[in-house]
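A.B. asks: Please read through the structure below; I'll follow up with questions.
The values are calculated or read from the model by the stated rules, or taken from the named source; none is laboratory data. Note that the structure is predicted; figures quoted are calculated from it, not measured. Methodologically, a virtual Cβ is constructed for each residue, glycine included, from the backbone with ideal geometry; neighbour enumeration extends over all protein chains shown.
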Ligand code: ADP
C-alpha cells in the first residue's frame, strides 16, 4: 500500500497542502501534484498513478474532461472527485470516465482515506458498480451497435438483453407509446421465465409503465407484489423513460417475478444510459426511414416525369439520371452513374451546355438527339450539390414553328409576283395616256403602298430564310469593309436630311467569322433606323472598336429615342413604338431580323435610349480565332 502513487489534481493550494501533507503522505502514499487539468492529464499519462483524486471544478478543463482525455489515450485509472455538487447527467458521465467515489465538502478525511484504501487494496467492490461489473464494456458495445446498425430490431433487442444481464433481472421489456391508441406496446423483450412480456399492451392511464410516461421519471418498485396488468405479478421492477426531443416515447423496464433480488439505484443509472441509447437508435431509424421514404418519392417523381433529368455533382460526376434522359440520350443508367459527362455522354449539344460555365447563372440551350427529337434544356447550378439539367421535349413546337415559317415564306413568295405585276402596270399607266394632277397623285400613293407591301414581304422572306437556317455559309469577314459599305450606301440619305454622319473604324480591326451579306444587312438596318428616327440636322455615329475577344459596333443617334416601356419589345416581330407609327414608315420586322442575324453569329445586341435625346444600339461580335469557327448549330445561318 505504502508504495502506491496518488495523483492529486486541484488548483486550490490550501486543499493541496492539506490533503497531501496532512493526510495522504502521512498515510504512506506517494503523492504527485497537478495544479490544473492540463497538468493532471500530462502527469496521469506520464506516471500512471494508481488512483486520481481530482477537484471537480478546475480552472482550465473540467475534471471530467481531463478524465475522459486520460481514458481515451491512457490506461484505466480509477478516480475520485472532490468538490461541489454535480448534476445527474454529470454523475453518469463521471461513472463513464472511471469515477469510483465522490466527496462533497466538508468531507470527512477519515472516510476519504478509507475509500482510498478500499479502492487501492481492492478489498471490497460494490456489488453492482457500473465501473466494475463490466457495464462500461456493455454500454460501449451497445454504443457501437447503434452507430454500426440501422436495424432497430437488432439494436433494441441488444438493449433489452443488456438491461436484463446488467441488472441481473429475470425479464426485460422495451415498450413504445402508440400515440393513437394511447397504449404502450412491446417493441423488444427478453425473459428467462416465460415469454410473458412479448406481447404486452398496456394502457397509459392505467399502468405503472404509463405512470413513467406521464411523469418522465424512473420508477423503482421493490417490495410486495405488484400488478403490471391483470394476472401478471412481479416482485420487483424498474422502469426508466425513453426521452426523445423533450417527449417520453416509451419505457425500458426490467422485472423479477420469482427472485427476491431488488433493483438498485445503480441499476437505474445503467438502464437510463441504455434508454438514452434506445432513444438515439429510434431517432436514427426514424430519420433514416423518413429519408428513405422521401428518396423513394423523389425517385418515383423523377422516373415518371416526362422531362429528361440529369444531375452531376460539383466535380462533374453523374449522380442521378432518369429514364427520360437515358432514352433521349441512348444511355444505360448503370453505365453512366459515377462517370463524368465527358466520359459518359457523346451528344455535342449536351456538352455545349455544360461548357457554357456561367457560375450561378441558369443556362438554356437546345439539344438535338439521335432519334430526331429536339429538347429545350435548362442547366441550373445548385450550391453544394452540383448542376441539374432538365430537358423538355419541344419537337412538336419546333415542327409547328417550322410549318409557320414555311407558310409565311410560301405566302410571301406567292404575293411578290402579283405585286411586281401591279407595280409594273402602274409604271405603264402614265405612258398610255395623259394623267391629270389628281390621277398622278393617286398613282403615286398606290406606288408607295405597293412598295411598302413589297418591303414587308421581303422582310418576311428574309426572316423565314434566317430562321430556316439558310445562308449558313460563313467565312472570316473583315467587318471594317462591311461597315464601310454600309456607310457608303447610307451616307446619301443621311446627307439628304442634313445630318452629321460620323464613321470611326480602326484600320487593323480583327476579323469576325460570319456571313458578310447577312452582317451587312443587320448593320445597314440599324444605321438606316438611326437616320430614319433622327430629325433633320441631327447626328448619327457609327463607331467600331475591338474589346478583348469581341468587336463592339455602336450605332448612336440624336433622334426621337425609345420610351422605357417600349424598349423590351422592340426586337419582337412587328413591334413598332406607338409614337412612330404615324410619323415613320416601317414594318416592325427590321430589328427582329437584326437580332436573329447577330445571335446566329454568337453575338449580342442591346439598346440604350432616352426619349427625345437619342438611341444607341450596341452589337457585340466574337473575334475570329483561326481553326475555331463558331459552334455549328443547325439553326445558325
Ligand atoms: P421599323 O420598320 O418600324 O423601323 P424595326 O424593327 O426596325 O421596325 O424597329 C422597331 C421599332 O423600334 C421601331 O418601330 C421604332 O419604334 C423603334 N426604333 C428602332 N430603331 C430606333 C431608333 N434608332 N430610334 C428610335 N426608335 C427606334
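A.B. asks: So which residues in segment 182-215 are at pLDDT 85 or above and more than 21 Å from residue 268 (Cα to Cα), if there are any at all?
C.D. replies: 183, 185, listed by residue number.
A.B. asks: On to the next question. Go through segment 540-552 and give me each residue that's over 26 Å from residue 575 (Cβ atoms) and either surrounded by fewer than 19 Cβ atoms within 10 Å (Cβ to Cβ) or near the ligand (Cβ under 10 Å from one of its atoms) (or both).
C.D. replies: 543, 545, 546, 547, 548, 549, 550
A.B. asks: Please work out which one of (1) over 18 Å from residue 517 (Cβ atoms); (2) more than 10 Å from the ligand (Cβ to nearest atom); (3) part of a helix (DSSP H, G or I) is the condition residue 620 fails and give its number.
C.D. replies: Only one criterion is unmet by residue 620, namely (3).
A.B. asks: The conditions are (1) crowded, with 19+ Cβ neighbours inside 10 Å; (2) within 21 Å of the chain's Cα centre (by Cα); (3) in a helix (DSSP H, G or I), and residue 269 fails exactly one of them. Which is it?
C.D. replies: Among (1) crowded, with 19+ Cβ neighbours inside 10 Å; (2) within 21 Å of the chain's Cα centre (by Cα); (3) in a helix (DSSP H, G or I), residue 269 violates only (2).
A.B. asks: Report yes if some residue within segment 285-292 is part of a helix (DSSP H, G or I), under 25 Å from residue 187 (Cβ atoms) and touching a helix residue (DSSP H, G or I) at 6+ places or on another chain (Cβ under 7 Å); otherwise report no.
C.D. replies: Yes: segment 285-292 contains one or more residues that are part of a helix (DSSP H, G or I), under 25 Å from residue 187 (Cβ atoms) and touching a helix residue (DSSP H, G or I) at 6+ places or on another chain (Cβ under 7 Å).
A.B. asks: Could you list, in sequence order, the residues of segment 553-569 that are more than 8 Å from the ligand (Cβ to nearest atom) and surrounded by 16 or more Cβ atoms within 10 Å (Cβ to Cβ)?
C.D. replies: Scanning segment 553-569 gives 553, 554, 556, 558, 567.
Yes/no matrix, rows are residues, columns are (1) touching a strand residue (DSSP E or B) at 6+ places or on another chain (Cβ under 8 Å); (2) surrounded by 21 or more Cβ atoms within 10 Å (Cβ to Cβ); (3) touching a residue at least 60 places away in the same chain (Cβ under 8 Å); (4) closer than 21 Å to residue 118 by Cα:
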| site | (1), (2), (3), (4) |
| --- | --- |
| 40 | yes, yes, no, no |
| 46 | no, no, no, no |
| 57 | no, no, no, no |
| 61 | no, no, no, no |
| 65 | no, no, no, no |
| 68 | no, no, no, no |
| 71 | no, no, no, no |
| 74 | no, no, no, no |
| 78 | yes, no, no, yes |
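A.B. asks: Condition (residue is free of Cβ contacts under 8 Å to residues at least 60 places away in the same chain and buried (at least 19 other Cβ atoms within 10 Å of the Cβ)) applied to segment 241-248: is it met by at least one residue? Quick ask: steps written out before the conclusion?
C.D. replies: Our first condition is that a residue be free of Cβ contacts under 8 Å to residues at least 60 places away in the same chain; within segment 241-248, this holds for 241, 243-247.
Adding the requirement that they be buried (at least 19 other Cβ atoms within 10 Å of the Cβ) leaves 241.
Yes, some residue in segment 241-248 is free of Cβ contacts under 8 Å to residues at least 60 places away in the same chain and buried (at least 19 other Cβ atoms within 10 Å of the Cβ).
A.B. asks: Determine whether segment 416-428 contains at least one residue that is in contact (Cβ under 8 Å) with a residue 40 or more places away in the chain, closer than 30 Å to residue 516 by Cβ, assigned to a helix (DSSP H, G or I) and out of contact with any helix residue (DSSP H, G or I) (no Cβ under 6 Å at 6 or more places or on another chain).
C.D. replies: No, segment 416-428 contains no residue that is in contact (Cβ under 8 Å) with a residue 40 or more places away in the chain, closer than 30 Å to residue 516 by Cβ, assigned to a helix (DSSP H, G or I) and out of contact with any helix residue (DSSP H, G or I) (no Cβ under 6 Å at 6 or more places or on another chain).
A.B. asks: Regarding residue 434, is this residue within 27 Å of residue 621 (Cα to Cα) and surrounded by fewer than 13 Cβ atoms within 10 Å (Cβ to Cβ)?
C.D. replies: no
A.B. asks: Determine, yes or no, whether residue 572 is within 9 Å of the ligand (Cβ to nearest atom), assigned to a helix (DSSP H, G or I) and surrounded by fewer than 21 Cβ atoms within 10 Å (Cβ to Cβ).
C.D. replies: Taking the combined requirement at face value, the residue does not satisfy it.
A.B. asks: Out of 495, 507, report the one residue that is free of Cβ contacts under 8 Å to residues at least 12 places away in the same chain and not in a strand (DSSP E or B).
C.D. replies: 495
A.B. asks: Separate question: For residue 627, only one of the following conditions fails: (1) on the phi < 0 side of the Ramachandran plot; (2) surrounded by fewer than 16 Cβ atoms within 10 Å (Cβ to Cβ); (3) away from the ligand (no atom under 16 Å from the Cβ). What is its number?
C.D. replies: Among (1) on the phi < 0 side of the Ramachandran plot; (2) surrounded by fewer than 16 Cβ atoms within 10 Å (Cβ to Cβ); (3) away from the ligand (no atom under 16 Å from the Cβ), the lone unmet condition for residue 627 is (1).
A.B. asks: Taking segment 575-602 only, how many residues are closer than 22 Å to residue 520 by Cα, touching a residue at least 24 places away in the same chain (Cβ under 8 Å) and either near the ligand (Cβ under 8 Å from one of its atoms) or assigned to a loop (DSSP other than H, G, I, E, B) (or both)?
C.D. replies: Matching residues across segment 575-602 total 11.
To keep it simple, each residue is scored yes or no on (1) at pLDDT 90 or above; (2) surrounded by fewer than 11 Cβ atoms within 10 Å (Cβ to Cβ); (3) within 24 Å of the chain's Cα centre (by Cα).
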position: 326; (1), (2), (3): yes, no, yes
position: 343; (1), (2), (3): yes, no, no
position: 347; (1), (2), (3): yes, no, no
position: 370; (1), (2), (3): yes, yes, no
position: 375; (1), (2), (3): yes, no, no
position: 393; (1), (2), (3): yes, no, no
position: 439; (1), (2), (3): yes, no, no
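A.B. asks: Sticking with this structure for a sec: Would you confirm, using the coordinates I've provided, whether residue 471 is surrounded by 13 or more Cβ atoms within 10 Å (Cβ to Cβ), at pLDDT below 95, out of contact with any strand residue (DSSP E or B) (no Cβ under 6 Å at 6 or more places or on another chain) and not in a strand (DSSP E or B)?
C.D. replies: Yes, satisfied.
A.B. asks: Within segment 504-536, can you find the residues that are more than 25 Å from residue 462 (Cβ to Cβ) and either surrounded by 14 or more Cβ atoms within 10 Å (Cβ to Cβ) or away from the ligand (no atom under 16 Å from the Cβ) (or both)?
C.D. replies: Residues satisfying the conditions are 504, 505, 506, 507, 508, 509, 510.
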